[in-house]
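I have placed the structure first, in the form of structure tokens, so that the comments after it can refer back to it.
Derivation of every value follows stated rules applied to the coordinates shown; laboratory data play no part. Bear in mind that the values here come from a model prediction, so they are computed numbers and not experimental data. No Cβ is skipped: glycine too gets one built from the backbone with ideal geometry, and neighbour counts run over all protein chains shown.
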Amino acid sequence: MLQSIHSTLAYAVLAVLLIAVINAFLGLSAKRNFTKKDRSLSLVALILTHIQLVVGLAVWVTSPLGKEAMSQMSNAALRLTAVEHPLVNILAIALITIGWSKHKKEESSNGKFKKIGFLYFAGLLFILSRIPWSNWMA
């Protein structure tokens, strides 16, 4: 059940994160004010990524593809799910969290959009790089 939640929630996380990144870059290029809508969208993306992290860690602890697969690091598919996917996604969520934290300290709308845009985009790229596509699309 946790695996199913983790996989389903991933679609929402990716969609909201992508929308937040696009919104930030559009706001930056249009030189518009950072509004409550922009803040809310970025916050929802942050919250969903953190929920996904908690569910993912629960899957990792309870799944045979998680920590139990650590003894089989020569198998690339197991290494992806046991080590690479969780580690890179933790780093991605750290980047997203830093983007959220840094945007709050910015005075200008331009600075807020930059922090959200670039750090959320880096996090999104990290996440996309370590999705076990063969498991996910099956």
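Report, as a whole number in µm² per second, the diffusion coefficient that Stokes-Einstein gives for the chain at 37 °C and 0.692 mPa s using the Kirkwood radius over alpha carbon pairs. Rounded, D is 211 µm²/s. For the stretch 24-75, the calculated P(r) over all alpha carbon pairs, in 10 Å bins from 0 to the bin holding the longest distance, is 21, 27, 20, 17, 14, 1 percent. The peptide list 44-53, 85-94, put in order of mean Cβ contacts within 10 Å with the highest first, becomes 44-53, 85-94. Spin-label model, ASN110 to ILE22: label points 7 Å out along the Cα-to-beta-carbon direction sit 2.6 nm apart. Could you name the lysines whose alpha carbon sits less than 23 Å from that of LYS37, not counting residues in the same chain fewer than 8 places away? Excluding near neighbours in sequence, the set is LYS102, LYS104, LYS105, LYS112, LYS114, LYS115.
Compared with the alpha-carbon gap, the fully stretched path from THR97 to LEU57 is longer by 12.7 nm at 0.36 nm per residue.
Estimated purely from DSSP H runs of n ≥ 4, each contributing -39500 (n - 2.57), the mean residue ellipticity at 222 nm for the chain is -26000 deg cm²/dmol once divided by its residues.
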